[in-house]
Amino acid sequence: MKRIPPAVTYTILRLLTFFVPLAILLLLGFNEWFSAIVAALIGFAVSLIFLRRSRDQVSEAIHSKRTGADAAKPHETPTDEEAEDDVVDHAAPEPGATDGKRSRRDDSATA
């Protein structure tokens, strides 16, 4: 049996969080516009609080499809320190600078 894609599951759950409160409010006799607005607010709040896992699965599926990454092998992002070290290692040295130290002439010009 094939597994249902996370985007389909999330979409169905989001639609249910809107249409169930909408139907209840309409059956209670509230105005259509008022019912739609309140149902949208309820659906947003419920999905924000309770559908986090589904939302994360959808975002991972989209990321995997866009980057071609394997879901079993997590994508490794370099840490800030590694990124900074990489930039410093590949940076062009300043003209006239030796070993990354500033000369006395540079210090006196800035003082």
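The values are calculated or read from the model by the stated rules, or taken from the named source; none is laboratory data. Predicted model only: the values in this text are computed from it and were never measured. All Cβ positions, even for glycine, are placed from backbone atoms using ideal geometry, and neighbour counts span all protein chains on display.
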Yes/no for A7 being surrounded by 13 or more Cβ atoms within 10 Å (Cβ to Cβ) and within 23 Å of H63 (Cα to Cα): yes
Filtered residues of region 1-33 (kept if free of Cβ contacts under 8 Å to residues at least 40 places away in the same chain, of a type in the set (A, V, I, L, M) and part of a helix (DSSP H, G or I)): V8, I12, L15, L16, V20, L22, A23, I24, L25, L26, L27
Tally up the residues in region 1-58 that are in contact with a Pro (Cβ under 6 Å, 6 or more places away or on another chain) and modelled with pLDDT of 95 or more, please. 2
Region 10-40, residues that are within 22 Å of the chain's Cα centre (by Cα) and surrounded by fewer than 15 Cβ atoms within 10 Å (Cβ to Cβ): T11, I12, L15
